[in-house]
Ligand code: NDP
C-alpha cells in the first residue's frame, strides 16, 4: 500500500532538470510563492538536480532570477531578507540521469537533510521531472531504485506532453507504472490550475442556473477558440516537433471541453470528477479528417516588426526548412452520449493571429415559440478565459425606445474583480500546492491521457502521412485561413 494524503512536514522536493527553462520560469518561482505564503509543509527543503555544472553566479540566476524579477516588475513584494532565507532552503546537486552512483550521491544529500534538518526523521519526497519526456522512464526508474522511502510519501511529477500519440503515450505510461502506483504520479497540465478553468466547477455545480442549459435539449453547437497574437518565436524547435494540435488541442482545450461537458461528479472526495471526464472523452469518436482546416503563418502584410515578430514561421531560425507544421488548426468533434448527441463541437486554435482570445461558447437553440423571430445562435452562454475572465449570456433584449417589439442582441456579462486571466503564474502555484495536499483532481489520470490521445491519433497520422494535407498560409497578425469560415458555415455557426 502506497502512502497517500497530505504532506505536512519533512518534505524534500527534488527538481530534476533544474538547469532548464521550466524550472527557472515556473517551478522555482511557484515554490517560492508557496513558501512565502506559508503553504509549504514545515521544514521543506528543495534540491535542484541536473547534469550542468553551474558557476555560483549562473546557479543564482537560474534558480532565483525570476523570483527577483517578479519583485522588480511589481508582481510580488521585494523582501531581500525573505529571499535570503529561501535561498538557504535550496541546494543544487550536479549529477547524471543514467548512473547509479549519481542517484546514490543524491540519496546521501537527502539523508544529510534528514539527519540535520528533520532530526533523524525520514523525509516525504516529491520528485519533479522538469526534463524532456524522453528521459522520464529512465529517471523515474532510477529514483524508485535509489531515492524511494517505502514508509513515507513519495510523489512523481511529470509535465505534458505525455507522448506524441496513443502508442507512444502508452509506452511512457507503462514504463512509469512498472515502478510507481497511479496514486503516486501527478501529471501536470497546468491549464487545470488556471483560475477560470477551476471556476467552471463552481459555475456548474455550486449554482443551479447553468447546469439545466447544458445538454442537446438547449444547446445546438459548441465552439472553442484559442487565439494567440504571438508566433513560435525562439521556440520553433519544440513547437515544430509537436504542432498546434499536440501543443494545446489534445490537452488544454480538450480538458476545458471535458470539464464543461462532463456529468456532475458525485463528490469531491472520491475520484468521480476525473472518472466523469474520462467518460466524456471516451464518448468522443476520433476526429474525422474531413472536418479539418490547417494553416501556417506567413510574414505580416506590413513586414517584420521592430520587436522581431511578424516574420513567417519558416523564416524562424529554430524552425526546420520547409516545415509543414500547422500553426493554426480547426476541427470538429462529436460527443456520442445521450446528453450531447447531435451537438457539434468546433475547435480552433492558432498562433500569430489578430487577437488574443480563449473562450467556449454554447450556442443555444431559439426559444420554442420564437414569437420574436430571433435569429439562429443569437442566444449563447460564453465562458471566457482571455483577454478577461468573464461569463456572459448573449441575449435577445427589447430594443429601447418607442419602436415596439424589435429585439436587439445584448451581452449580459458577469465579471468578478480579482479573477486571473489564463496564463497567469497562479496556475503553477495551485497545482504545486495540490501535490503537497495529495489532491489529484487537478492532475491528468492515466486512462484520461490515453482517451485524449485516442481522439487525435488517427487525425495526426493523416496529417503526418507523406501525402498529408499542406497548411494554408495566412499573414502574421490576421484572423487565419479563410477556410475556417466555410467550415463554420457548414456547421451553421457564425464566425468568431
Ligand atoms: P529543457 O529543454 O529546458 O530541459 C530541462 C533540462 O533537462 C535541461 O536544462 C537539461 O539539463 C536537461 N536535458 C535537456 N535535454 C536532455 C536530454 N535529451 N536528456 C536528458 N536531459 C536533458 O526543458 P523545459 O525546462 O522547457 O521543460 C521541461 C519539461 O516541462 C518538458 O517535459 C516540457 O515538455 C515541459 N513543459 C515545459 C514548459 C516550459 O514553459 N518550458 C511548459 C509546459 C511543459 P542538464 O543538461 O543540465 O541536465
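Rule-based calculations on the coordinates, nothing more; no lab input. Everything quoted here is computed from the prediction, not taken from an experiment. Note that we place each Cβ from the backbone using ideal geometry, even for glycine, and neighbour counts take in every protein chain shown.
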If a/c stays under 1.5 just call it rounded; otherwise compare a/b with b/c (prolate if a/b is bigger, oblate if not). Do that for segment 104-261, with a ≥ b ≥ c from the square roots of the Cα gyration tensor eigenvalues. prolate
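With viscosity set to 1.002 mPa s at 20 °C, what whole-number translational diffusion coefficient in µm²/s follows for segment 253-331 from Stokes-Einstein and a Kirkwood radius over Cα pairs?
On the way: Rh = 16.3 Å.
The diffusion coefficient I find is 132 µm²/s.
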Between helix 272-282 and the chain: long-axis angle, C-alpha atoms, 0 to 90°, nearest 10: 60
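Under the rule of -39500 (n - 2.57) per DSSP H run of 4 or more residues, summed and divided by the residues of the chain, what mean residue ellipticity at 222 nm is obtained, to the nearest 500 deg cm²/dmol?
Values: 13 runs with 152 residues, N = 496.
Mean residue ellipticity at 222 nm (helix-derived): -9500 deg cm²/dmol.
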Could you work out how far helix 100-116 tilts from the main Cα principal axis of the chain, as a 0 to 90 degree angle to the nearest 10? 80
Arrange 230, 86, 328 by Cβ neighbour counts within 10 Å, fewest through most, would you? 230, 86, 328
Using the Kirkwood radius over Cα pairs of segment 369-423, the Stokes-Einstein translational diffusion coefficient at 37 °C and 0.692 mPa s, in µm²/s and rounded to a whole number, is 252
If neighbour count is taken as other Cβ atoms inside 10 Å, put 244, 226 in order from fewest to most. 226, 244
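Which of the peptides 389-396, 167-174, 298-305 is most tightly packed, and how do the rest follow, going by the mean number of other Cβ atoms within 10 Å of each residue? Spell out each step's value before the answer.
Working: 389-396: 18.5, 167-174: 16.2, 298-305: 13.6.
Highest-to-lowest ranking by the protection proxy: 389-396, 167-174, 298-305.
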Between residue 3 and residue 473, what's the calculated FRET efficiency when r is the beta-carbon distance and R0 is 56 Å? Round to 0.05. 0.55
Roughly how tilted is helix 426-437, in degrees to the nearest 10 and between 0 and 90, from the longest Cα axis of the chain? 50
How big is the convex hull of the Cα atoms of segment 176-227, per residue, in Å³? 168
Using alpha-carbon positions, the gyration tensor of segment 400-447 gives root eigenvalues a ≥ b ≥ c; with a/c under 1.5 called rounded, otherwise prolate if a/b exceeds b/c, else oblate, the class is prolate
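Taking the alpha carbon gyration tensor of segment 288-369, what are the square roots of 5 times its eigenvalues, largest first, to the nearest whole Å?
Numbers: eigenvalues 253, 56, 15 Å².
Ellipsoid half-lengths, sorted descending, are 36, 17, 9 Å.
Between rounded, prolate and oblate, where does segment 39-94 land on the alpha carbon gyration tensor, with a ≥ b ≥ c its root eigenvalues, rounded for a/c under 1.5, else prolate if a/b exceeds b/c? List each step's numbers first, then the result.
Numbers: a/c = 2.32, a/b = 1.27, b/c = 1.84.
Here segment 39-94 falls in the oblate category.
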Treat the count of other C-beta atoms within 10 Å as a stand-in for reagent exposure and order 70, 270 from fewest to most. 270, 70
Give the share of C-alpha pairs in each 20 angstrom bin for the chain, from 0 to the last occupied bin, in whole percents, shortest bins first. 21, 53, 24, 2, 0
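At 1.002 mPa s and 20 °C, plugging the Kirkwood radius over alpha-carbon pairs of segment 348-493 into Stokes-Einstein gives what diffusion coefficient in µm²/s? Intermediate values should be presented prior to the final figure.
Working: Rh = 19.9 Å.
Translational D for this selection: 108 µm²/s.
Distances longer than 21 Å among the Cα atoms of segment 92-171: what percent of all pairs is that?
Numbers: 1063 of 3160 pairs.
Tail of P(r) above 21 Å: 34 percent of Cα pairs.
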Surface/4 estimate of mean projected area, convex hull on alpha-carbon atoms of segment 233-384, nm²: 13.3
